[in-house]
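The block underneath contains the structure these notes are about, expressed in structure tokens.
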Amino acid sequence: GIDPTNTVNPGFLASSQTFEAIKVAPSNGYVTDRAIPIAVGERYVVRSRVTCTIGVPKYAKLEVVAIDDVAKLVAFRVLTDDNCGFKGLEPGLPKR
């Protein structure tokens, strides 16, 4: 029942803030049309595709913790807000 042509695209938004300092996901500015090169220590705010029945995405923040080129593995630290449409990225119950 969700029209994918009338919604926002999933994407990544680089952040210069520390993981803990990222408290709210922005509405705009996400890279949605190309691959994003990553490196250990970089942080991003992430917007999902629309997954909620009310037609809005979910948001998260992630930090690249380790990259193992030999094993082809990447480790992330992630905090996601599973409440549809909420942009707060702090532990606990969302306030925003």
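The values are calculated or read from the model by the stated rules, or taken from the named source; none is laboratory data. This structure is a prediction, so every number in the text was calculated from the model and none was measured. Positions of Cβ are backbone-derived with ideal geometry, glycine not excepted, and every protein chain shown enters the neighbour counts. Side chains are part of the model used for accessible areas, which takes the heavy atoms of the whole protein and leaves out ligands, DNA and RNA. Shrake-Rupley method; radii C 1.70, N 1.55, O 1.52, S 1.80 Å.
Taking the criterion of being touching a residue at least 12 places away in the same chain (Cβ under 8 Å) and β-branched (Val, Ile, Thr), the residues of region 52-96 that qualify are Thr53, Ile54, Val56, Val64, Val65, Ile67, Val74, Val78, Thr80.
For region 36-78, a residue qualifies if it is open to solvent by 40 Å² or more (accessible area, probe 1.4 Å), closer than 12 Å to Leu13 by Cα and either small (Gly, Ala, Ser) or not in a loop (DSSP other than H, G, I, E, B) (or both), and exactly one does: Arg43. Here Val50 fulfils each of the conditions (1) in contact with a Pro (Cβ under 6 Å, 6 or more places away or on another chain); (2) at positive phi apart from (2). Filtering region 19-39 to residues that are of a type in the set (Lys, Arg) and in contact (Cβ under 8 Å) with a residue 40 or more places away in the chain leaves only Lys23. Within region 15-30, the presence of a residue that is among the aliphatic types (A, V, I, L, M), modelled with pLDDT of 90 or more, open to solvent by 40 Å² or more (accessible area, probe 1.4 Å) and farther than 16 Å from Lys87 by Cβ is excluded. Restricted to region 80-89, and to residues there that are out of contact with any Phe, Trp or Tyr (no Cβ under 8 Å at 6 or more places or on another chain) and of a type outside the set (Gly, Ala, Ser), the residue that is least open to solvent (accessible area, probe 1.4 Å) is Cys84.
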